[in-house]
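Remarks on the structure that follows.
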Amino acid sequence: MTVTSPASAIVTADAVAEVAAIGAQPEVAGFALAGARVCPAGDDEQARAAWRTLPGTVAVVILTRAAAEAIGAEPTAPGTPLTVVMPP
């Protein structure tokens, strides 16, 4: 299995995939307790920057609604990590 990240790095079946959470600090901080890579983003530009700089080991990204709106259609591109948007 091969998954390509936004950074165009490759995760293979031999590597351990990561989960990341992007959004406002209060909404995503708790995901660190489960081992997720937390990427605080206080505004749209920070959310886009966090998405674009995800390492190739990230296979799943949890987005706050605001982060998802800021990132737009980028997560639907082929080869990007699976994304999940948190409910309001």
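Each value in this text was obtained by applying a stated rule to the coordinates, not by laboratory testing. Not measured: the values here are computed from a predicted model. Here Cβ is always computed from backbone atoms with ideal geometry, including for glycine, and neighbour counts include all displayed protein chains.
Using the Cβ-Cβ distance between Ala73 and Thr53 with R0 = 22 Å, the FRET efficiency computed as 1/(1 + (r/R0)^6) comes to roughly 0.75. Projected onto planes of every orientation and averaged, the convex hull of the alpha-carbon atoms in region 3-85 covers 4.7 nm².
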